[in-house]
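The values are calculated or read from the model by the stated rules, or taken from the named source; none is laboratory data. Nothing here was measured: the structure is a model prediction, and the numbers come from that model. Counting neighbours? That spans all protein chains shown, and the Cβs are built from the backbone with ideal geometry, glycine included. We work out accessible area using only protein heavy atoms, side chains counted, and drop any ligands, DNA or RNA first. Shrake-Rupley method; radii C 1.70, N 1.55, O 1.52, S 1.80 Å.
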Amino acid sequence: MSKRLKGLVWLSSLLVIAGAAVLIVISIVVTDEHPLSTLSPVGRHGREIADLINPIFIVAGVVFFLVQGAVLALWWRYRVAGSDTGGGEHGYYEDDEFPEQVHGNNRLEIAWTLIPTALLAVISVFTLVVLFALDDVEASDDDMVVTVIGQQWWWEYQYHLDGDTTTPPDFVTANELVIPVGVDVPLDIKSRDVIHSFWIPKLNGKKDAVPGRSHDWVIQAEEPGRFRGQCTEFCGLSHGYMKMVAIALPPGEFTQWRDNQITAASAPAEGTAAAAGWEVFSQQCASCHVVNGLTTPVNRGGESDTPDGWDIYGEFNGANAGTYLAVDTLVAGAAPNLTHLMTRSTFAGSIYDLYLGAGEHVEYLELAEAATLNRGDLEAWIANAPERKPADANGLRGMPARAGLSPEDIDNVVAFLSTLK
Ligand code: CUA
């Protein structure tokens, strides 16, 4: 067998094996239970995407096996095994020796031009229809809009209940995007630093969060549930740890959740561990973490002392910065707003569960009261976050280690955090 033929056989075999491997992996990984599956949508936008890619995948699979089958069949049909089957003077062709040369087969060439063209044309029509459908938001101008801000390495959500993103948000939360079931929730996706990409695969496709830009997107869930997501644009050291969760609640529960989020925190009773924890928190944590009603806003909005990236708050920078900060303390700084930390099921960019085994057993609104705190991970995180989630080398991104905190300090901080319901 000549080298060329051997290569061809290897290549075809590898392609067939690779194709089979891809099919097997997909069938194992992308089941209904898998949290990051595009193929088991729960929202109408996710469904539109799945209904597009499923048939395309089948057609592509058929093409793959037809082409690979043809390659193998041709190899078999025209193989040169020995001198009795013809071939060159040695019974096979040397590299510098060629069989009878044939040029041109119009029917064949027209066929392999027209068939793929027609296939791609059909696919592009359906793709465009879906792309336009994804932009079709069933929300009116005064419906709730959530501004999503990608930051290294977590997600901030600013809820504008009246739909007006030019005024300060009604409340700010992090990592867990809570939405009412059955409602199109428009998103206004931004970035504070580098390019991230927002992706909750069961609810919709990906949308980039780009510094200096504002991207419209929409999310909708047809059933209550908890849907995992992941930043899908490489954004630095802890890109892989930049996860998020969307929680879809029945409308009544959503209203209950929303009304609670709007409330401010109150100071813990004097003499308690929580009060001692608040002392530590206010010195060590409050310059980045906002707790509405307790922390004092740090002016990061003005031109003069604006760290890179703060112009994402657009209208509120420059001339209006002072006004904005005077009337509103809600915009989190360089870290998640913790006002209602205990109502969330995850922390640290959704890489840890805040409660033990909460996902299956406890209703979302009951977490703070009924679930058992994941104290181990929370304390380890407070003590030395970079050990668990690498931070930027210059210390300007990611939660820094708090080496100065004693075990007692950490206990107290956890006691304080536990009051943030
Ligand atoms: Cu943010 Cu990757």
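Which number in (1) within 12 Å of the ligand (Cβ to nearest atom); (2) within 26 Å of THR339 (Cβ to Cβ) marks the one condition that VAL178 misses?
(1)
What number goes with the only condition from (1) in a loop (DSSP other than H, G, I, E, B); (2) crowded, with 16+ Cβ neighbours inside 10 Å; (3) among the hydrophobic types (A, V, I, L, M, F, W, C) that ALA139 does not pass?
(2)
Taking the residues in segment 223-245 that are away from the ligand (no atom under 16 Å from the Cβ) and surrounded by 14 or more Cβ atoms within 10 Å (Cβ to Cβ) as candidates, determine which candidate is farthest from the chain's Cα centre (by Cα).
Within segment 223-245, the match that is farthest from the chain's Cα centre (by Cα) is PRO224.
So, of the residues in segment 246-260 that are touching a Ser or Thr at 6+ places or on another chain (Cβ under 8 Å) and buried (at least 18 other Cβ atoms within 10 Å of the Cβ), which turns out to be nearest to GLN230 (Cα to Cα)?
Filtering segment 246-260 for residues that are touching a Ser or Thr at 6+ places or on another chain (Cβ under 8 Å) and buried (at least 18 other Cβ atoms within 10 Å of the Cβ), the one nearest to GLN230 (Cα to Cα) comes out as ILE247.
Any chance segment 145-158 includes a residue that's open to solvent by less than 10 Å² (accessible area, probe 1.4 Å), away from the ligand (no atom under 12 Å from the Cβ), at pLDDT 95 or above and touching a helix residue (DSSP H, G or I) at 6+ places or on another chain (Cβ under 6 Å)?
The answer is no, given that none of the residues of segment 145-158 is open to solvent by less than 10 Å² (accessible area, probe 1.4 Å), away from the ligand (no atom under 12 Å from the Cβ), at pLDDT 95 or above and touching a helix residue (DSSP H, G or I) at 6+ places or on another chain (Cβ under 6 Å).
If you check GLU222 against the conditions, is it not small (Gly, Ala, Ser) and not in a helix (DSSP H, G or I)?
Criteria met by GLU222.
Quick one: count up the residues across segment 181-195 that are within 16 Å of the ligand (Cβ to nearest atom) and either over 15 Å from ASP216 (Cβ atoms) or small (Gly, Ala, Ser) (or both).
5
Any residue that is under 23 Å from the mean Cα position of the chain (by Cα) and either touching a residue at least 12 places away in the same chain (Cβ under 8 Å) or within 16 Å of the ligand (Cβ to nearest atom) (or both) - is there at least one of those in segment 275-298?
Yes, segment 275-298 contains at least one residue that is under 23 Å from the mean Cα position of the chain (by Cα) and either touching a residue at least 12 places away in the same chain (Cβ under 8 Å) or within 16 Å of the ligand (Cβ to nearest atom) (or both).
List the pairs whose first member sits in segment 202-218 and is of a type outside the set (Gly, Ala, Ser), whose second member is within 14 Å of the ligand (Cβ to nearest atom) and open to solvent by less than 20 Å² (accessible area, probe 1.4 Å), and whose Cβ atoms are under 6 Å apart, counting only residues at least 6 apart or on separate chains?
LYS206/SER197; LYS207/ILE189; LYS207/PHE198; ASP208/SER197; VAL210/SER191; PRO211/SER191; HIS215/ILE189; TRP217/ILE189
Quick check on this structure: which one of ASP193, ASP188, ASP184, ASP162 is open to solvent by 60 Å² or more (accessible area, probe 1.4 Å) and at pLDDT below 95?
ASP162
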